[in-house]
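**Q** Before we start, here is the structure in question, set down as structure tokens.
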Amino acid sequence: MRTSELADQAGANAETLRYYERRGLLEGPPRTAGGYRDYPVSAVGLLRFVKRAQELGFTLDEVEELLHLDAGGPDNCDTARALAEHRRDDLAARIADLQRMHDSLSALVDTCELPRADRTCALLEAIR
């Protein structure tokens, strides 16, 4: 399958495919007689895996490690679990930060409901 077909099916663009090839995440495909890249159908699943892992917050380095672990045996499950636990813990910390930001903004919005004489806008004061 040609680059544009693979990109369409995997929800990526051609430059992303070339970048993944340079990084070694995607094996460089053979070329047709006309010089076009000829990707195997299995490349679609690989690219979807990479994109899904990125959506879950994994870096490309971590995705690469997950791909290597996927090719290994059951012993690699411990390493994959450790990567997932690290990502989960990082995500929990980010969620806590976002919750604190949400709570601060909610408190700020609530002060806007007070009569003008009784309120001060912490946001405007911070900007001044």
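Every number in this text was worked out from the coordinates using simple rules, so none of it is lab data. Just so it is clear, the model here is predicted, and its values are computed rather than measured. Backbone-built Cβ (ideal geometry, glycine too); neighbour counts: all protein chains shown.
**Q** I'd like to know how the stretch 1-110 sits against the 2.2 N^0.38 Å rule of thumb: what's its Cα Rg over that expected value?
**A** Numbers: Rg = 18.8 Å, N = 110, 2.2 N^0.38 = 13.1 Å.
The stretch 1-110 yields a ratio of 1.44.
**Q** Are there GluC sites (Glu not before Pro) in the stretch 1-83 that DSSP marks as loop and that have at most 14 other Cβ atoms within 10 Å, and which are they? If you can, show how the numbers build up before the last one.
**A** Numbers: sites: E5, E15, E21, E27, E55, E62, E64, E65; in loops: E27.
Qualifying residues, ordered by number: E27.
**Q** Something else about it: Along each principal axis of its Cα atoms, how long is the stretch 1-57 end to end? Whole angstroms, biggest number first, please.
**A** 39, 21, 18
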